[in-house]
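Q: Before we start, here is the structure in question, set down as structure tokens.
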Amino acid sequence: MGCMVGYTMGQTVITQPKIKKIVVTGSSEMEVDPDEIYVNFVLREYQNSRKEKIGIDAIKKEFLLACEKAGVQKENIRVEGVSGNSFDNWYLRKRKKDPDFIATITYVIKFESTKMIDNLVPNLSDEAVQNMYISKMSNSKMEALRKDVKIKATQAAKEKATYLAQSIGEVIAGALLIEEIESGPVYPIMMMKQSNVAMDSAEGAYGGETSMPFEKIKIRYETRAEFELK
């Protein structure tokens, strides 16, 4: 097949056939709805209208009760950290010695839909919630979806190689190389309003509901493939 290529190894001349090949790229993409929406809630101590300090323990209790009433499962709630230091013993001692110390705690909650967020947000304390924002969005079937897109990208490369080869009277044989070129999933970001604006009232900026779903997650992959020509 084709011409011969020779090279010398010691006193022996080894000749190998030159392989005719076609090199192509294939791509595939998919858009899916996020069903894992991670929202960070930053809570902090504050003074009420009577100038009384509302401590972090009371704030945590109130926040978790609101989550329970909104139907948020306990396993979907976790503490990301306490502002200022990661050592609990130091943190507790600091609070006792310095009554003016303002403690801050951040919770991360995993939601399955925007409706679940709508159920929780209006019931949160505007004084306690300093901020809220989306930290991550994904789909629970992401690994299977990635696999499907990669397969389709490789199939697209083979299909392209087939019709390009046929256009010049050639036929492809087996694959010589398949190389993944990962573009990766693109996660959309929808920033939430800060709590003192977003949750002021049902007529405020938040409005009590997000009113529409988040943008879809785009998953895209490309493949580079080499096929031998018969």
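Q: Across segment 58-72, in residue order, what do the Karplus-derived ³J(HN,Hα) couplings come to in whole Hz, using 6.51 cos²θ - 1.76 cosθ + 1.60 with θ = phi - 60° and x for Gly and Pro?
A: Residue by residue, segment 58-72 yields 5, 5, 4, 4, 5, 5, 5, 5, 5, 5, 4, 5, 7, x, 7 Hz.
Q: Residues with amide H under 5 Å of ASN131's amide H, sequence separation 5 or more or different chain, H placed in the peptide plane at 1.01 Å from N; which?
A: Counting only residues 5 or more places away or on other chains, the set is VAL42, SER195.
Q: Additional query: What is the set of long-range amide H partners of ALA103 at a cut-off below 5 Å, with H atoms built 1.01 Å from backbone N?
A: GLU45
None of the figures in this text is laboratory data; all of them are computed from the coordinates on show. Everything numeric here is computed off the predicted structure, so don't read it as measured data.
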